[in-house]
Amino acid sequence: MAEADLSAFRKEGETLDRLFEGRLKVLQPAKGYRFSVDALLLASFFQERPGEHILEIGPGSGIISLILALRTDTVRLIGIEIQEELADLARRNVAMNHLSDRIDIQAGDIRQMAKRFSPSSFDAIIFNPPYRRMHSGKVNPDRQKAVARH
């Protein structure tokens, strides 16, 4: 995809990163929540099977779902993201990488999942959990980062 074509997906204040020799393009806020090596390690550790339906909890930019879909072209993924602005970012990343037919990003609270999906809807669930207890340690002043980490 030409750089000019990518500008249709990109908003002011976002960076464009290329992974896997440019086969995957990911927009991220220049300031705010950005994926880290943890997401890349988790994606490399996870072993999806062809044809699986996978739920990703808290996809952020969508990086893990994007990697899994790039790796196995028959998986179907749904991401539930509590932060609307990150859900929008993940949707744009999915569209920019031409994966909208296999990845669906929805805004919402995972605690409401039973209302959205029937039991046994997914073959696997993956998430990169927050690594601090709520109201513990120093809370990042950036709201996106604070929600992702606590």
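The values are calculated or read from the model by the stated rules, or taken from the named source; none is laboratory data. These figures come from a predicted structure and were not determined experimentally. Cβ: placed from backbone, ideal geometry, glycine included. Neighbour counts: every protein chain shown. The protein model used for the area step is the full one, side chains on, heavy atoms only, and it has no ligands, DNA or RNA in it. Shrake-Rupley method; radii C 1.70, N 1.55, O 1.52, S 1.80 Å.
Give the number of residues within segment 81-139 that are in a loop (DSSP other than H, G, I, E, B) and either open to solvent by less than 30 Å² (accessible area, probe 1.4 Å) or modelled with pLDDT of 95 or more (or both).
Number of matching residues: 10.
Identify, please: which residue in segment 59-80 is touching a strand residue (DSSP E or B) at 6+ places or on another chain (Cβ under 6 Å) and open to solvent by 40 Å² or more (accessible area, probe 1.4 Å) and is, among those, nearest to E14 (Cα to Cα)?
Taking the candidates together, the pick is L70.
Mind counting the residues in segment 1-53 that are open to solvent by 90 Å² or more (accessible area, probe 1.4 Å), of a type in the set (D, E) and assigned to a loop (DSSP other than H, G, I, E, B)?
Of the residues in segment 1-53, 2 are open to solvent by 90 Å² or more (accessible area, probe 1.4 Å), of a type in the set (D, E) and assigned to a loop (DSSP other than H, G, I, E, B).
If the requirement is being under 23 Å from R102 (Cβ atoms) and without any contact (Cβ under 8 Å) to a residue 12 or more places away in the chain, which of these qualifies: G62, G51, G58, G22?
G22
Out of segment 90-112, which residues are free of Cβ contacts under 8 Å to residues at least 40 places away in the same chain and either more than 21 Å from S7 (Cα to Cα) or among the polar types (S, T, N, Q) (or both)? Break it down stepwise before answering.
Keep residues of segment 90-112 that are free of Cβ contacts under 8 Å to residues at least 40 places away in the same chain, which gives 90-91, 94, 98-102, 104, 106-109, 111-112.
Correct list: S100, D101, R102, D104, Q106, A107, G108, D109, R111, Q112.
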